[in-house]
Amino acid sequence: MIRGAFVTLPAFPLTANGKTDRRRLPAPGSAGRTPTAGYEAPRGPVETALTEVFAQVLGHERVGAPDNWFALGGDSIRSLQVLARIRERGLDLTVADLMSSSTARASPRTSPPGTGPGQQVRIARPGSRAGPVAGSRARRGRVD
């Protein structure tokens, strides 16, 4: 069997009897699941919205613009929560955008409209149903 994670320690925490204190050992894989030590603030409202939502969904105090979504503990299920919260803020981001860029700084939606091939910020009107319609609803003609 191959171990799922390796953690390097300068020394094992010991009990008063000289045995390894398992309760004081770090959780496997927890070293890479914290925001970067050198916090870099987001630039602009879109990056700010993305970093705030990343922090809310993952339970971190703050997340910097270059912090990687997956390295912080994000996954495909949590990305759906991010997309829902981003849409509540009036921004439109796709799953493919989040999976391919994985940082607020690298998001293709961080540039103003018309500045680059395919890089536009799409603002959804409050109350509008922006996004794809489920196939079954479209077939039944129940698209509002």
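Rule-based calculations on the coordinates, nothing more; no lab input. Not measured: the values here are computed from a predicted model. We place every Cβ from the backbone using ideal geometry, glycine too, and count neighbours over all the protein chains shown.
What list do you get for F70, F6 if you sort them by fewest beta carbons within 10 Å?
Values: F70 16, F6 8.
Ascending Cβ contact count within 10 Å gives the list F6, F70.
What is the sum of charges, Lys and Arg at +1 and Asp and Glu at -1, for the other residues whose Cβ falls under 15 Å from the Cβ of T15? Don't skip to the end; give the middle numbers.
Numbers: positive: K19, R22, R23, R24; negative: D21.
With Lys, Arg at +1 and Asp, Glu at -1, the neighbours total +3.
Using a 10 Å cut-off around each Cβ, can you sort I86, I77 from fewest to most neighbouring Cβ atoms?
Working: I86 23, I77 7.
So the ranking, lowest neighbour count to highest, is I77, I86.
Can you list the HN-Hα couplings for segment 56-62, worked out from phi with the Karplus curve (6.51, -1.76, 1.60; θ = phi - 60°), rounded to whole Hz and with x for Gly and Pro?
Along segment 56-62, the couplings run 5, 5, 8, x, 8, 5, 8 Hz.
Could you calculate the FRET efficiency of K19 with R43 from 1/(1 + (r/R0)^6), where r is the beta carbon distance between them and R0 is 41 Å, rounded to 0.05?
On the way: r = 50 Å, r/R0 = 1.22.
According to the calculation, E is roughly 0.25.
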